[in-house]
Amino acid sequence: MAGGSTDSNGPQPGTVYLVGSGPGDPDLLTVRAKRLLEDADVVLHDKLPGPEIIDLLPEDRREDVGKRADGDRTPQSEINERLVELAREGKSVVRLKGGDSFVFGRGGEEAEYLAAHEVPFEVVPAVTSAIAAPAVAGIPVTHRNHASSVSFVTGHEDPTKEESAVDWEALAATGGTIVVLMGVGRLPDYTTALREAGMDPETPVALVERGTWPGQQVATGTLETIVDARDEADVSPPAVTVIGDVAGTRDSVVEFLQNDYGTPNEEA
């Protein structure tokens, strides 16, 4: 936990807890996360913790600071300032994010901001949806017979832009699993980029929409066909894309898979 200090005549700052909610099922919250949510004075939450978890929070103790694809969003700068403001009022504050807050969740940015403003904070890790969503759909991100490495990539970045930080050519050459978060809209862009980089068009691909949420669905295909599969199933965010041979293992286990979240055992 980071330390903090205030004027001796003023209130001592409260603590900010950067909490990951896991993939969305309340049963998959960590024990620590559940306790903090019950005890917090206020919870600033995104949309991605999932409706069942958000519904557990009393309305008078929660603030929606979520971001929506192609919709309204709370600027990160406002979220940072609000965390500091509440902590300086002496409140116990939970900053609740989907998955793990340090995996494409801007938790690192918030930690740096809190430290710069001398606000005590604690990080509460969680299972990232990058692993959990494929898992409950019957897809391991690593497998001794198929993949010994896994790369996590944000799909928010345009792979065709000149200064892309994602080297799709290098990823295509790794031979491991590629997991793309927040990549539903740009699926045509990066699947094309991977094929152009030399990845086999027949490489298995799976989209897991709303993993562990009510109404979860899975769409499968190949690097060449997955865009059509997405459109046919009307897959929408949030969804995780799994690219690699591991995506093909789902077919061998799905008949006996008991993770019952919506329609996980039916191909969309």
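The table for this structure:
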{"read-out": "Qualifying position, being of a type in the set (A, V, I, L, M, F, W, C) and open to solvent by 20 Å² or more (accessible area, probe 1.4 Å), among L56, L96, L83", "value": "L56"}
{"read-out": "The listed residue being open to solvent by less than 10 Å² (accessible area, probe 1.4 Å) and polar (S, T, N, Q), out of S77, S101", "value": "S101"}
{"read-out": "Lone qualifier among T212, T142, T249 - being of a type in the set (S, T, Y), open to solvent by less than 30 Å² (accessible area, probe 1.4 Å) and out of contact with any Asp or Glu (no Cβ under 9 Å at 6 or more places or on another chain)", "value": "T249"}
{"read-out": "Strands (runs of 3 or more DSSP E) fully within region 1-84 counting 1 or more residues that are in contact with a Phe, Trp or Tyr (Cβ under 6 Å, 6 or more places away or on another chain) and modelled with pLDDT of 95 or more", "value": "16-20"}
{"read-out": "Residue in region 93-149 that is farthest from P26 (Cα to Cα), counting only those that are of a type in the set (V, I, T) and in a loop (DSSP other than H, G, I, E, B)", "value": "V119"}
{"read-out": "Residue in region 179-187 that is more than 21 Å from V19 (Cβ to Cβ) and either of a type in the set (D, E) or open to solvent by 60 Å² or more (accessible area, probe 1.4 Å) (or both) present", "value": "yes"}
{"read-out": "Test result for G98, at positive phi and touching a residue at least 40 places away in the same chain (Cβ under 8 Å)", "value": "no"}
{"read-out": "Residues (open to solvent by 60 Å² or more (accessible area, probe 1.4 Å) and under 21 Å from G185 (Cα atoms)) located in region 34-53", "value": "K47, L48"}
{"read-out": "Every residue from region 108-135 that is closer than 20 Å to K47 by Cβ, open to solvent by less than 20 Å² (accessible area, probe 1.4 Å) and either in contact with a helix residue (DSSP H, G or I) (Cβ under 8 Å, 6 or more places away or on another chain) or modelled with pLDDT under 95 (or both)", "value": "E110, V124, A132"}
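The values are calculated or read from the model by the stated rules, or taken from the named source; none is laboratory data. Computed from a prediction, not measured in an experiment: that's the story for all the values here. Glycine gets a Cβ as well: all are built from the backbone with ideal geometry, and neighbour counts include every protein chain shown. Quick note on the areas: whole protein, heavy atoms, side chains included, nothing else; ligands and nucleic acids left out. Shrake-Rupley method; radii C 1.70, N 1.55, O 1.52, S 1.80 Å.
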